[in-house]
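Undergrad: Before I ask anything, let me first share the structure, which is written out below as structure tokens.
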Amino acid sequence: TNLNIWNNVDEYFMEKLIPADAELEAVLQANKAAGIPEIDVSPTQGKLLYLLAKIKEAKNILEIGTLGGYSSIWMARALPNEGKVYTLEIDPEYASVAKENIKRAGCEHKVEIIVGKALDTLPILKKAGQLFDLIFIDADKPNNPHYLKWALELAKPGTIIIADNVVRDGAVIDEINVDERVQGVRRFMDLLQEESQIESTAIQTVGNKGYDGFVLAVVK
Ligand code: SAM
């Protein structure tokens with residue numbers, strides 16, 4: 001029942017604030033046709049990423065977890081012409097669907113998909129000397145603590161870090177939960193608590209993706 005009202009309110013906000021968008025709808029359709037799970041960010045969350053990138057006047061964005069490129073496109077749209085989203089994806093089939101989606105959305109000059117395990121490809125970005133204005137962590141949750149360490153390696157003062165799915169229907173407060181995604185998020189929260197180089201908050205969300213939440217952080 002709650003789900004129903006959250007969903008309806010999300011619909012209302014989308015109708016008011018997020019104009020119908022053929023390019024993004026085509027992404028979701030292409031994902032469905034390719035059998036890609038519907039675990040992209042919601043439209044209201046996608047727009048939040050877009051707005052954060054605008055507020056930050058970001059030029060270089062790093063995304064860990066591309067899926068079909070839905071969130072990559074939202075963020076790419078916030079970039080100036082010379083800006084870039086580097087997005088990391090382990091699954092070559094998802095990456096090729098994402099590539100098509102990004103092309104159809106006219107963002108191919110702004111998005112670079114790097115295929116491989118993020119823990120293998122992040123060191124390549126580091127070696128290239130690339131630093132990012134905004135980093136969106138949205139891949140395999142057990143690795144979230146590692147991704148936070150890498151994010152700090154690839155950040156500069158003022159870099160925004162966002163991590164999605166940190167509530168998991170409330171399971172995040174369950175110390176003995178056997179789900180390693182939950183434990184990954186808990187270790188990620190421990191690191192945020194210990195790490196003096198980062199200031200952060202967490203916001204619980206409800207909507208058409210159920211009950212979840214995200215961490216928003218800024219590097220000192
Ligand atoms: N950010 C996407 C969006 O909102 O449209 C959703 C990303 S989805 C929640 C997580 C993605 O991370 C999946 O496509 C999955 O294949 C990818 N992934 C999982 N493990 C990974 C790893 N070790 N390295 C890179 N990507 C990984």
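Undergrad: Output the number of residues of segment 75-112 satisfying the condition of being open to solvent by 40 Å² or more (accessible area, probe 1.4 Å) and of a type in the set (A, V, I, L, M).
TA: Going through segment 75-112 one residue at a time, the tally reaches 1.
Undergrad: Which residue, of Gln193, Gln204, Gln197, is open to solvent by 70 Å² or more (accessible area, probe 1.4 Å) and in contact with a helix residue (DSSP H, G or I) (Cβ under 8 Å, 6 or more places away or on another chain)?
TA: Working: Gln193 fails: in contact with a helix residue (DSSP H, G or I) (Cβ under 8 Å, 6 or more places away or on another chain); Gln204 fails: in contact with a helix residue (DSSP H, G or I) (Cβ under 8 Å, 6 or more places away or on another chain).
Testing whether each residue is open to solvent by 70 Å² or more (accessible area, probe 1.4 Å) and in contact with a helix residue (DSSP H, G or I) (Cβ under 8 Å, 6 or more places away or on another chain) leaves just Gln197.
Undergrad: Out of curiosity, is Ile102 more than 23 Å from Asn165 (Cα to Cα) and within 12 Å of the ligand (Cβ to nearest atom)?
TA: In short, yes.
Undergrad: A further question follows. Listed residues Glu100, Glu82; which is charged (D, E, K, R) and closer than 24 Å to Gly158 by Cα?
TA: Being charged (D, E, K, R) and closer than 24 Å to Gly158 by Cα holds for just one of Glu100, Glu82, which is Glu82.
Undergrad: Given (1) under 26 Å from Gln204 (Cβ atoms); (2) within 12 Å of the ligand (Cβ to nearest atom); (3) in contact with a Ser or Thr (Cβ under 9 Å, 6 or more places away or on another chain), where does Ile113 come up short, assuming only one miss?
TA: All conditions are met except number (1).
Undergrad: Being out of contact with any Phe, Trp or Tyr (no Cβ under 9 Å at 6 or more places or on another chain) and either buried (at least 17 other Cβ atoms within 10 Å of the Cβ) or among the small types (Gly, Ala, Ser) (or both) is the filter here; which residues of segment 161-183 pass it?
TA: Ala171, Val172, Arg181, Val182, Gln183
Undergrad: Enumerate the pairs (first residue in segment 184-211 and closer than 27 Å to Leu3 by Cα; second residue anywhere and of a type in the set (Lys, Arg) and surrounded by 17 or more Cβ atoms within 10 Å (Cβ to Cβ)) with beta-carbon separation below 7 Å, excluding pairs fewer than 6 apart on the same chain, so at least 6 apart or on different chains.
TA: Partner pairs satisfying both residue conditions: Gly184/Lys141; Val185/Lys141; Val185/Arg168.
Undergrad: Looking at segment 125-143, which of the residues that are surrounded by fewer than 23 Cβ atoms within 10 Å (Cβ to Cβ) and away from the ligand (no atom under 13 Å from the Cβ) is nearest to Leu216 (Cα to Cα)?
TA: Only one residue fits best here, namely Asp133.
The values are calculated or read from the model by the stated rules, or taken from the named source; none is laboratory data. Keep in mind that what you see is a predicted model, and the values were worked out from it rather than measured. Glycine also receives a Cβ, built like all others from the backbone with ideal geometry; neighbour counts cover every protein chain displayed. Heavy atoms of the whole protein, side chains included, go into the accessibility calculation; ligands, DNA and RNA do not. Shrake-Rupley method; radii C 1.70, N 1.55, O 1.52, S 1.80 Å.
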